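The values are calculated or read from the model by the stated rules, or taken from the named source; none is laboratory data. Every value quoted in this text rests on a predicted model; they were computed, and no experiment measured them. Every residue, glycine among them, receives a Cβ derived from its backbone with ideal geometry; neighbour counts consider all protein chains shown. Side chains are part of the model used for accessible areas, which takes the heavy atoms of the whole protein and leaves out ligands, DNA and RNA. Shrake-Rupley method; radii C 1.70, N 1.55, O 1.52, S 1.80 Å.
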Amino acid sequence: MVKIQGVGLLACVVLSCLLCAAQAESSLDCYDGPFENVLLDGCVDDCRSFETLEEAEEHCNALQVHCGGITKTAYGDQEAISLGVGLYEVRSGPGIEQQTGDATWIKQEGCDSGFQGGGVLPVDHQDEEDEEEETAEPDEDQGEDQWQYEEEDRRWDDSMEQVGDAYRGAFVQIFWLAALLGLLAGGVYFSYKRGDQITIDYVDKAREKVEKFMRERGPRNEGAYESL
């Protein structure tokens, strides 16, 4: 009788150990814990809850740096699951507090960069992506406007350079024409003063033509050409 009772007691102890082992929480890659009786402060994605740890892990990874870890809440247990409320909540952290019955997994730093998992991005992340796409359009328009402005500025510089070249060319031509006329006038003056007959004849003929032209045109004002 005593032997039977001993065997029954041993069976109860083994069964209890098996139940405890079954209820023990498993560890996760890139997460520290689980930490018993610890609650991770702060909600992310409205503290969305899941019925399994794997689902919560996948969603927390999808939230990337915005999710600081996972907390298994102690309220209701199986009753909460039957009501459609999961026990595993995604939380932001980094603050923690003591909460009897809770268990927490804290995400390690640097684990988000290599995450390739699926999961659905939360609403706030989707909004951020939409904002980035919206802000990208003005940047493209601004870049196009900047390009048009630079193109117009380049064309303006080219046209101004062409105008400057034209003015410089005209100035050079006028300069050389004036220099040629000055040399010609100087040569005629010295030849006239020296008494060259050919030069004297040309100068006298030119003077007669000028005087004839002035007489035919007539004075604009009375006495305007008396000096001539």
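Some notes on this structure:
- Test set (1) at pLDDT below 90; (2) surrounded by 15 or more Cβ atoms within 10 Å (Cβ to Cβ); (3) not hydroxyl-bearing (Ser, Thr, Tyr) - Phe35 fails condition number: (1)
- Any hit, the stretch 190-209, residues being in contact with a Phe, Trp or Tyr (Cβ under 7 Å, 6 or more places away or on another chain), of a type in the set (Ser, Thr, Tyr), modelled with pLDDT of 85 or more and part of a helix (DSSP H, G or I): yes
- Any pair with Cβ under 8 angstrom, 6 or more apart, that starts in the stretch 176-192 at a residue that is open to solvent by 60 Å² or more (accessible area, probe 1.4 Å) and ends at one that is modelled with pLDDT under 90: Val188/Thr199; Val188/Tyr202; Val188/Val203; Tyr192/Thr199; Tyr192/Ile200; Tyr192/Val203
- Among the conditions (1) open to solvent by 100 Å² or more (accessible area, probe 1.4 Å); (2) under 30 Å from Cys30 (Cα atoms); (3) modelled with pLDDT under 55; (4) not small (Gly, Ala, Ser), the only one that Phe115 does not satisfy is (1).
- Val123 vs. criteria open to solvent by 90 Å² or more (accessible area, probe 1.4 Å), modelled with pLDDT under 90 and under 28 Å from Leu39 (Cα atoms): yes
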